[in-house]
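K.L.:
The structure is given below, and queries will be raised subsequently.
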Amino acid sequence: GYIESAFSLAGQDVSGFAYLVESIPYRFFVLSALFGVIIYVFINKDIEPMIRYEEEMRLTVGNIQEDDEDDDDRKNNKIPARWYNAIVPLVALVVISIVQMYFDGKTVIEGSGLPVTFLNCVSHSNSINSLIIGTSVSLLITMVMVMSQRILGMSKLLEHFVEGVKGMSEPIMILVLAWALGIAMNDIHTSQYIALALGDSMKVEYFPAIVCLIGYAMSYASGSALGTQGIIFPLVIPVIVHLTDDEEVYLKTIAAACSSSVFGNLCSPKLAPLPPGPHEHPPPGHP
C-alpha cells in the first residue's frame, strides 16, 4: 500500500509487495535485532537494563496479584493455562488475512490481463481492509473460545475490550496525525521540491543512509512504525525516483525506511504506558 502509493506519486506502476520482499536482505537493523534475540536465548544472557526491568516487573506483578487476592474474579474463577487459547486466534488472524488478500487481489486483476498468481493477487489487494477483516474474525473467535470455556462472561469480555480500546487510543491518534502529515506533504509536493533542491549536489548512494537516519528520528519521536512509514514513504520514494533509475538504490531506500521506522517501536518514549506500580528503573526507551 505505502510503497505502491509512493511510486504512483512519481508516475510509476510497480509491485509494492515485490519491492517489500526484495528489500529484506538490506534491512540490517531488523535482521540484527532478530539475530540478537536468538543469541540472547542461546547464551541465556540479556542486556543489563532489561534484566533490572524484568526483575522489577516480576516483583510489581507479584504485588499486584497479592493485592487482588480478594477479588471475586480471581477467587472464583481460576483461569486455566491452555496454549491453544493463544495459538488459535493468532493462526486465524494470519490465515484469514492472507486468504482475504488473495481473493481481494484476484478480483482486482481478473480483468487486467495479468496472470492470477499468489504474488500478483497479494500485490494488488487492499491489505488494510484484509487485516481489519482478519482481526475482527480473530477477535470473535477469541470471544467464543473464552466464553465456551467459561473463563470470562460477556460483561467481563466487554469490559476488557473497552480497556483495550482505551489503551490503543493514544497510538491510534499518533498514527492518524502521522498519516495526515504525510497527505499534507504530498499535496504541497514536498518530495518534488526536495528532489529539485538536491539536483546533482548529492550522490544517490548516500540517500538510503540519510533516509535511515531520518527514519530513526521520526520513529523515535512518534513511537509508531506505521505512522513513520505513512510520512516517510510519500516523501522519499518520489525523491529517489527523480534522482535515479537504479533499482538497487530503490531497494536500499525502501529497506532503510522500513527498518528505521521499526526503531521507534523498540526504543521510543512514546511506547505504551508501564503497568501500575513504582518504577525505580524504567525500561530502555521510557523517560
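K.L.:
Residues being closer than 17 Å to Y250 by Cβ and either in a loop (DSSP other than H, G, I, E, B) or among the hydroxyl-bearing types (S, T, Y) (or both): count how many of those fall in region 201-223.
P.N.:
Residues flagged as closer than 17 Å to Y250 by Cβ and either in a loop (DSSP other than H, G, I, E, B) or among the hydroxyl-bearing types (S, T, Y) (or both) within region 201-223 amount to 3.
K.L.:
Give T107, T142 a once-over and let me know the one that is assigned to a helix (DSSP H, G or I), without any contact (Cβ under 8 Å) to a residue 60 or more places away in the chain and out of contact with any helix residue (DSSP H, G or I) (no Cβ under 8 Å at 6 or more places or on another chain).
P.N.:
Exactly one of T107, T142 is assigned to a helix (DSSP H, G or I), without any contact (Cβ under 8 Å) to a residue 60 or more places away in the chain and out of contact with any helix residue (DSSP H, G or I) (no Cβ under 8 Å at 6 or more places or on another chain), namely T107.
K.L.:
Mind checking whether some residue in region 202-220 is among the polar types (S, T, N, Q) and open to solvent by 10 Å² or more (accessible area, probe 1.4 Å)? Give the steps one after another, and end with the answer.
P.N.:
Initially, region 202-220 is screened for residues among the polar types (S, T, N, Q), giving 219.
Then keep just the ones that are open to solvent by 10 Å² or more (accessible area, probe 1.4 Å); that gives none.
Within region 202-220 (the criterion being among the polar types (S, T, N, Q) and open to solvent by 10 Å² or more (accessible area, probe 1.4 Å)), the answer is no, since none of the residues qualifies.
K.L.:
Can you tell which of I128, I133 is at pLDDT 90 or above and closer than 30 Å to L158 by Cβ?
P.N.:
Selected residue: I133, the only one of I128, I133 that is at pLDDT 90 or above and closer than 30 Å to L158 by Cβ.
K.L.:
Looking at L198, L177, L226, which one is under 17 Å from T253 (Cα atoms), touching a residue at least 12 places away in the same chain (Cβ under 8 Å) and open to solvent by 70 Å² or more (accessible area, probe 1.4 Å)?
P.N.:
L226
K.L.:
Within the bounds of region 155-168, is there any residue that is outside any helix (DSSP H, G or I) and either open to solvent by 80 Å² or more (accessible area, probe 1.4 Å) or of a type in the set (G, A, S) (or both)?
P.N.:
No; the residues of region 155-168 include none that is outside any helix (DSSP H, G or I) and either open to solvent by 80 Å² or more (accessible area, probe 1.4 Å) or of a type in the set (G, A, S) (or both).
K.L.:
What number goes with the only condition from (1) assigned to a helix (DSSP H, G or I); (2) open to solvent by 50 Å² or more (accessible area, probe 1.4 Å) that S130 does not pass?
P.N.:
So the condition that S130 fails would be (2).
K.L.:
Taking V95 as meeting all but one of (1) open to solvent by 80 Å² or more (accessible area, probe 1.4 Å); (2) farther than 21 Å from F161 by Cα; (3) aliphatic (A, V, I, L, M), write down the number of the exception.
P.N.:
Tallying (1) open to solvent by 80 Å² or more (accessible area, probe 1.4 Å); (2) farther than 21 Å from F161 by Cα; (3) aliphatic (A, V, I, L, M), V95 fails exactly one: (1).
The values are calculated or read from the model by the stated rules, or taken from the named source; none is laboratory data. Given the structure is predicted, the values throughout are model-derived calculations rather than measurements. Don't worry about glycine lacking a Cβ; one is built from the backbone with ideal geometry, like all the others, and counts go over all protein chains shown. These area figures cover heavy atoms from the full protein model, side chains too; ligands, DNA and RNA do not enter into them. Shrake-Rupley method; radii C 1.70, N 1.55, O 1.52, S 1.80 Å.
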